[in-house]
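Data block below; observations after.
The values are calculated or read from the model by the stated rules, or taken from the named source; none is laboratory data. Remember, it's a predicted structure, so these values are computed and weren't measured experimentally. Here the Cβ positions follow ideal geometry from the backbone for every residue, glycine too, while neighbour counts run over all protein chains shown. SASA here: full protein model, heavy atoms, side chains in, ligands and nucleic acids out. Shrake-Rupley method; radii C 1.70, N 1.55, O 1.52, S 1.80 Å.
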Amino acid sequence: MSEEAARSRVLVVGATGRLGGSLVRASLAAGHPTFALIRPHHFALPDSAPLKPLAAAGATILKGSLDDYPSLLEAVRQVDVVICAVPTKHALEQKPLIRAIKEAGCVKRFIPAEFGVDHTKVQICDMDHGFYEKKAEIRRLIESEDIPHTYIYCNFLMRYLLPSLVQPGLDAPPRDEVTIFGGGDTKGIFVEEGDVAKFTVCTIEDPRTLNMTLYLRPPGNIYSLNELVSLWETKINKCLKKIHITEEQLLKNIQNAPFPLKMDLIFIYSAFVKGDHTYFEIDSRSEGTQLYPDVKYTTVSEYLDTLV
């Protein structure tokens, strides 16, 4: 039996998204025969643009979607592992995927579209406008159906908030003045998308992570707002004017803000005031860089270097 034949076959759902594409590439790089489930409308686009990079990388393209159950079941029956990377707003669309996994009976592990923050730990569920309840419902379904699984929690992707130094409304880090939310000492976590994918793929054949949660807390990627601003000031060799927004004022701003700014402020409040990324202890056996020390990842400092 060839080495490739011995490797788990992986299906990525949501493969045309940024995280999904990273998952496809990471799976292929690790030697897994990799399948990408692609919605039919992508095939009608000129030159099938979203499909070309996936096919060129070596993925097997399957036509189907979460709302076409026969195509979904046919895709799932070809693989050992299913990874879903749909956005949170579409989280409930994973229900037919779970049904297909259950019916197919061949899937050894399902990695659902969790990622982000561990919603069982967040302290803002009364103000998230139902954002986390969708994921909670899917998690309950997975466990009630006894689907073998791994949950991955990376907290913030680097492309979210970090490009502006956590300054909602800005497209680049500030160079004159910066807003500090709360006391500025509560730490949040950022992980680059490709690195999330690499750590995720590491779990595929690892019995230590089966029916477990993997947290990503890479050293060098855990920063408070004060530390983040200080790091940026060092890189641009300039001291910025600090504007401090108290917790009370931030809550008022959240109440008055329109969408999508409201959600940005809620996530900032969650991470950098309430501490939802870091307030709880985790076992070293459930942390990605501890389990997979050979995985190279982008640090926050390295990422900011690209913005100077």
**Chain lengthening between residue 206 and residue 108 when straightened (0.36 nm per residue, less Cα-Cα)** = 34.2 nm
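What does DSSP give for the chain in terms of the percent of beta bridges that are antiparallel, rounded to the nearest 5?
Working: 3 of 31 bridges.
If we restrict to bridges inside the chain, about 10 percent are antiparallel.
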**Prompt:** Can you give the angle from 0 to 90° between the axis of helix 225-236 and the longest principal axis of the chain, with both taken from C-alpha atoms, to the nearest 10?
**Reply:** 80
**Request:** Could you list which residues have their amide H under 5 Å from that of residue 276, counting only those 5 or more apart in sequence or on another chain, with H placed in the peptide plane?
**Result:** 271
**Per-residue ³J(HN,Hα) for region 145-151, Karplus 6.51 cos²θ - 1.76 cosθ + 1.60, θ = phi - 60°, Hz, x for Gly and Pro** = 8, 6, 7, x, 8, 9, 9
**Spin-label pair residue 159/residue 137, simplified geometry with 7 Å Cα→Cβ offset, distance in nm** = 2.7
**Request:** Take region 1-158, drop everything but the C-alpha atoms, weight them equally and run the Debye formula without solvent; then report log10 I(q)/I(0) at 0.10, 0.12, 0.13 Å⁻¹ to two decimals.
**Result:** -0.36, -0.51, -0.60
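How many percent of the accessible area of region 255-308 is carbon or sulfur, using a 1.4 Å probe? Spell out each step's value before the answer.
Values: 1400 of 2860 Å².
Result for region 255-308: 49 percent of the exposed heavy-atom area is carbon or sulfur.
Mean residue ellipticity at 222 nm from the helices of the chain, using -39,500 (n - 2.57) per DSSP H segment of n ≥ 4 over the full residue count, to the nearest 500 deg cm²/dmol? Each step should come with its number before you reach the end.
On the way: 13 runs with 112 residues, N = 308.
After summing the helix terms and dividing by residue count, I get -10000 deg cm²/dmol.
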**Item:** Distance between modelled label sites at residue 236 and residue 172, nm, 7 Å Cα→Cβ extension
**Value:** 0.9
**Fill in**
Interchain or sequence-distant (5+) residues whose placed amide H lies within less than 5 Å of the amide H of residue 179 are 243
**Asked** Quick one: helix 131-144 against the long Cα principal axis of the chain, what's the angle to the nearest 10°, folded into 0 to 90?
**Response** 40
**Message:** For the chain, take the longest principal axis of its alpha carbons; what is the angle in degrees between that and the long axis of helix 18-29, to the nearest 10 within 0 to 90?
**Reply:** 50
**Fill in**
Spelling it out for residue 35: with amide H atoms placed in the peptide plane at 1.01 Å from N, the residues 5 or more places away or on another chain with amide H under 5 Å from its amide H are 10, 11, 12, 60
**Contour minus Cα-Cα distance for residue 63 and residue 285 (0.36 nm per residue)** = 76.1 nm
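Percent relative contact order of region 49-103, based on C-alpha pairs within less than 8 angstrom and at least six residues apart? Write down the numbers at each step before the final one.
Numbers: 29 pairs, mean separation 18.8, N = 55.
Taking the mean separation of contacting Cα pairs over the length of region 49-103, I get 34 percent.
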**Asked** Tell me, what is the FRET efficiency for residue 144 and residue 74 to the nearest 0.05, using R0 = 30 angstrom and their Cβ-Cβ distance as r?
**Response** 0.75
**Prompt:** Between 149, 41, 277, which gets the highest mean-square fluctuation from a Gaussian network model of the chain, Cα cutoff 10 Å?
**Reply:** 41
**Message:** Could you work out what % of the accessible surface of region 52-120 is carbon and sulfur, using a 1.4 angstrom probe and leaving DNA, RNA and ligands out of the count?
**Reply:** 51
**Average Cα contact separation per residue, region 51-161, under 8 Å, 6 or more apart, as relative contact order %** = 27
**Fill in**
A correct Karplus calculation of ³J(HN,Hα) over region 112-117, with 6.51 cos²θ - 1.76 cosθ + 1.60, θ = phi - 60°, whole Hz and x for Gly and Pro, returns x, 7, 8, 6, x, 9
**Request:** Please turn the phi angles of region 163-180 into ³J(HN,Hα) values with the Karplus equation 6.51 cos²θ - 1.76 cosθ + 1.60 (θ = phi - 60°), one per residue in order, whole Hz, x for glycine and proline.
**Result:** x, 9, 6, 6, 10, x, x, 9, 9, 9, x, x, 10, 10, 9, 9, 9, 10
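Quick one, can you get me the convex hull of the C-alpha atoms of region 184-308 expressed as volume per residue in Å³?
Numbers: hull volume 17.2 nm³, N = 125.
Dividing the Cα hull volume of region 184-308 by its residues yields 138 Å³.
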